[in-house]
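Undergrad: Sharing a structure below in structure tokens format, with a few things to ask.
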Amino acid sequence: MSGNGIRIEGLRKRYGSGDTAVDALKGVDMQVAPGEVVGLIGPSGSGKSTLLKCLGAVIDPSAGRMTLGDELIYDEGWRVRDLRALRRDRIGFVFQAPYLIPFLDVTDNVALLPMLAGVPNEEARSRALELLSALDVQHRARAMPTELSGGEQQRVAIARGLVNRPPVILADEPTAPLDSERAMAVIRILNEMAQRYDTAIIVVTHDEKIIPTFKRIYHIRDGVTHEEAGAGRGVE
Amino acid sequence: MISLAGRDILHSWGKFVFTGFGLGLLIGVTLVMAGVYRGMVDDAKALLDNSGADLWVVQQDTLGPYAEPSSLNDDLYRTILALPGVAEAANVTYLTMQVRLDERDVRSMIVGIVPGPTRGAPGWPPYLVAGRQITRGHYEAVADVATGFQLGDRIGIRRNQYTVVGLTRRMVSSGGDPMVFIPLKDAQEAQFLKDNDAIWQSRRRTATNPAFDRAGVPGLLDAVLDSQSSNNFVNAVLVRLDAGAEPDAIGAAIRRWQRLTVYTRPQMEQILVGKLIATSAKQIGMFLVILAVVSAAIVAFIIYTLTMDKIREIAVLKLIGTRNRTIAAMILQQAIALGVIGFAVGKITATYAAPLFPKYVLLMPQDSVAGFLAVLAICALASLIAIRMALRVDPAAAIGG
């Protein structure tokens, strides 16, 4: 389904021009295979957020190439036409805070994405319930976001990221607001979901306790990534 | 696709209902203002309808008897009555004054009509809701129920007391003052009667004038004094025409041969609506514009605030691929919903509050429809600022950094 996961080569991003131009990314290379969960770590100002925005098709890179599954997204100034549809159908997002829509119940928060893509309501809700069951929050399906615990909200957010079966999920500090036990639970879920749905997952994190769980880690510093093998201890 | 606007409204219904209630009161005031204008126009038309006249004959070059003073000799009606096509002609006087009942007084339009054999003539109240018409030549009155007078009440007009013998309804002046009908002679006296001191002073002045005290004309002074203490003038002659008679032709004949001014029904309506209440109408129009602007500003502010509260959710929605038009539709629908709630509250408020106003408030269905459409348009326009802001939200705002 997801072909080659996500692959970027020589990705650059320059803000501004002339003397005041800032190179936030200076030729980033990265590849994440389907079913793989990798960590992306780096200090503040290293270019993590810029890379995440490029990967999430929110901003255009200045140069470089990006392939998602079998689809070319950017190639040296060229890009696919409809980034909005790309984000909706091919990229899943999990944020630091769950950012669930407060006026939709749990099921509809998850089902909203397929609905936006034109999937009939009942089918979208069926997909949502399936994922909620997989994430063990099906019993809160009719609850409103404010009625959920932090861990439950994050699981619902993961379900939302997965519901359109994207080839890649970008998780931005998904464990930041959680205690150790819940943070580990989230990482375990991400690993399970990556395996089950053959999805490439990139986890941006500062969280020391989850860094050892990754088998591969990308360090980013001054706009350049360095790949290294992680401890890969996984999650008990 | 689910309705995002509907879900948001259901989720925070209290905010919407209370805001809609406040907006509704404003819309209610707007509807009442429109109703006041309609009431003024209706009062003017009621005045013409209830007079039962086809032609108004008034002093030359005046807009009388309602918009300007007019004075005619009270025997002129006989010559008008003799014209072909004229079925009835009746003298009438109008004067607005305070009518007393015990310790209170009521602003009323006094209408002097010829009682007795001319019953049902132009100028008479066309129907009564209680009691009887005036049958005696003096000191009887028929009052509109809006005066609050009851049958048998003794009311004071100038120096005389009148017994209320009949009650009528919707007989009002163009200004909305309820009418009190009294015999013509009494009305003439009420209109022109001076107080005793003024009469005495006038007689003294006249008596010392050598022009009225000439040798060889012994009755001259008495005749002059008599003429000064009587009043033979009326404000207008109301004319009812035979079926099929042409008002314009008869009016032209009266203008030519009697040297008077004559107004037909459309002309009189134009005077009342186009001139007499024109300033009030402009005033109300200004208020309507101000209220519309205030309503728009309130809706814009509320929708803007509600949208600002959801800025993070909007960024997330955009990031996960929601179309701009879906987000714009959500905001627009919420603004429209607010308008609908406000209009419903305003319409109910105006309907129940209208009878409590001292002047007649006429809420017309077409005004409600126009008001509803205006509210929808205002809400749609007011939502544009919030929509513009929402569409400018960067989806990247959902991602940290």
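Values quoted throughout were computed directly from the atomic coordinates according to the rules given, and no laboratory measurement underlies them. The model shown is predicted, which means the values in this text are computed figures rather than measured ones. Cβ: placed from backbone, ideal geometry, glycine included. Neighbour counts: every protein chain shown.
Undergrad: For chain B, what ratio Rg/Rh do Cα atoms give with a Kirkwood hydrodynamic radius? Each step should come with its number before you reach the end.
TA: Details: Rg = 31.2 Å, Rh = 25.7 Å.
In chain B, Rg relative to Rh is 1.21.
Undergrad: What's the average, rounded to a whole number, of partner chain beta-carbon atoms within 10 Å of each residue's beta-carbon in B:310-323?
TA: Numbers: counts 3, 0, 4, 6, 1, 1, 9, 4, 3, 11, 16, 17, 6, 4.
Across B:310-323, the average partner-chain Cβ count within 10 Å equals 6.
Undergrad: Using Cβ contacts closer than 10 Å as the measure, can you line up B:286, B:40 from fewest to most?
TA: Details: B:286 11, B:40 24.
Ranked by crowding around the Cβ, least crowded first: B:286, B:40.
Undergrad: Also, quick follow-up: With r defined as the distance between the Cβ atoms of residue B:253 and residue B:60 and R0 fixed at 22 Å, what FRET efficiency is calculated, to the nearest 0.05?
TA: 0.90
Undergrad: If you don't mind, another one. In region B:51-276, with Lys and Arg counted as +1 and Asp and Glu as -1 at Cβ, which of these residues, B:146, B:224, B:115, has the Cα nearest the positive end of the dipole, that is, farthest along it?
TA: B:224
Undergrad: Still on this structure, please answer the following. Label region A:12-87 by shape, choosing from rounded, prolate and oblate, from the square roots a ≥ b ≥ c of the eigenvalues of the Cα gyration tensor; if a/c is under 1.5 it is rounded, and otherwise prolate applies when a/b is larger than b/c, oblate when it is not. Working shown, then result.
TA: Values: a/c = 2.03, a/b = 1.22, b/c = 1.66.
Oblate is the answer for region A:12-87, as a/c is 1.5 or above yet b/c matches or exceeds a/b.
Undergrad: So, with +1 on the Cβ of K and R and -1 on the Cβ of D and E, and no other charges, what is the size of the charge dipole of chain B about its Cα centre, to the nearest 20 debye?
TA: Working: 38 positive and 32 negative charges, 240 e Å.
Approximately 1160 debye in magnitude.
Undergrad: Rounded if a/c is under 1.5, else prolate if a/b is larger than b/c, else oblate: which is region B:86-203, with a ≥ b ≥ c the root eigenvalues of its Cα gyration tensor?
TA: Working: a/c = 1.72, a/b = 1.24, b/c = 1.40.
Oblate, because a/c is 1.5 or more while a/b does not exceed b/c.
Undergrad: Report the trypsin sites (Lys or Arg not before Pro) located in region B:317-401 that are in a DSSP loop and have at most 16 other Cβ atoms inside 10 Å of their Cβ, or state none. Intermediate results must be reported in sequence, preceding the final value.
TA: Numbers: sites: B:318, B:323, B:325, B:347, B:359, B:388, B:392; in loops: B:323, B:359, B:392.
Hits after loop and neighbour filter: B:323, B:359, B:392.
Undergrad: To the nearest 20 Debye, how big is the dipole of region A:14-100 about its Cα centre, given +1 on the beta carbon of each Lys and Arg and -1 on that of each Asp and Glu? Don't jump to the answer; show the numbers that get you there.
TA: Values: 11 positive and 11 negative charges, 60 e Å.
Roughly 280 debye, rounded to the nearest 20.
Undergrad: Mind sorting B:105, B:75 by how few other Cβ atoms lie within 10 Å of their own Cβ, fewest first? Mind showing how you got there, number by number?
TA: Details: B:105 13, B:75 10.
The most exposed by this proxy come first: B:75, B:105.
Undergrad: Moving on to the next point. On average over all directions, what projected area in square nanometres does region B:266-401 have, based on the convex hull of its Cα atoms? Don't jump to the answer; show the numbers that get you there.
TA: Values: hull surface 43.0 nm².
In nm², the orientation-averaged hull projection of region B:266-401 is 10.7.
Undergrad: I'd like to know how region B:51-276 sits against the 2.2 N^0.38 Å rule of thumb: what's its Cα Rg over that expected value? All intermediate terms of the calculation are to be shown ahead of the outcome.
TA: Details: Rg = 19.1 Å, N = 226, 2.2 N^0.38 = 17.3 Å.
Computed over Cα atoms of region B:51-276, the ratio equals 1.11.
Undergrad: Right, here's the next one. Using amide H atoms built in the peptide plane, which far-off residues or other-chain residues are under 5 Å from residue B:52 H to H?
TA: B:123
Undergrad: Partner chain Cβ atoms within 10 Å, averaged over the residues of A:105-115 - can you pull that number for me? The partial results should precede the final answer.
TA: Details: counts 2, 0, 0, 3, 0, 0, 1, 7, 3, 0, 2.
Across A:105-115, the average partner-chain Cβ count within 10 Å equals 2.
Undergrad: If we count other beta carbons within 10 Å of each Cβ, what is the order of B:282, A:26, fewest first? Mind dumping the intermediate values first?
TA: Numbers: B:282 10, A:26 15.
Taking fewest neighbouring Cβ atoms as first place, the list is B:282, A:26.
Undergrad: When you have a sec, figure out the Kirkwood radius of the protein assembly as shown from all distinct Cα pair distances and drop it here in Å to one decimal? Please list the in-between numbers first.
TA: On the way: mean 1/r = 0.0314 Å⁻¹.
Kirkwood hydrodynamic radius for the protein assembly as shown: 31.9 Å.
Undergrad: So between residue B:359 and residue B:151, what do we pick up on full extension, going 0.36 nm a residue minus the alpha carbon distance? Numbers along the way, then the final one.
TA: Numbers: separation 208, 0.36 × 208 = 74.88 nm, distance 2.29 nm.
Taking residue B:359 through residue B:151 to full extension adds about 72.6 nm, to one decimal.
Undergrad: Here is a follow-up. Would you calculate a helix-derived [θ] at 222 nm for chain B, using -39,500 (n - 2.57) for each DSSP H run of n ≥ 4 and dividing by the full residue count, to the nearest 500?
TA: On the way: 12 runs with 198 residues, N = 401.
So the calculated ellipticity at 222 nm is -16500 deg cm²/dmol.
Undergrad: Projecting each Cα onto the charge dipole of region B:51-276 (Lys/Arg +1, Asp/Glu -1 at the beta carbon, about the Cα centre), which of B:64, B:182, B:237 comes out farthest on the positive side?
TA: Highest projection toward the positive end goes to B:182.
Undergrad: Once the Cα gyration tensor of chain A is diagonalised, what are the square roots of 5 times its eigenvalues, in whole Å and ordered largest first, as equivalent ellipsoid semi-axes? Write down the numbers at each step before the final one.
TA: Details: eigenvalues 167, 87, 51 Å².
Gyration-tensor ellipsoid for chain A: 29, 21, 16 Å.
Undergrad: Could I ask something else about it? Given the pairs B:194/B:359; A:209/B:310; A:53/B:15; A:53/B:310; A:215/B:318; B:15/B:310, which are separated by over 25 angstrom at their Cα positions? Mind showing how you got there, number by number?
TA: Details: B:194/B:359 32 Å; A:209/B:310 33 Å; A:53/B:15 35 Å; A:53/B:310 21 Å; A:215/B:318 32 Å; B:15/B:310 14 Å.
B:194/B:359; A:209/B:310; A:53/B:15; A:215/B:318, as the Cα separations exceed 25 Å there.
Undergrad: Please name whichever of A:67, A:50, B:361 sits farthest to the positive end of the charge dipole of the protein assembly as shown, dipole taken about the Cα centre and charges placed at Cβ: Lys and Arg +1, Asp and Glu -1.
TA: The listed residue farthest towards the positive side: B:361.
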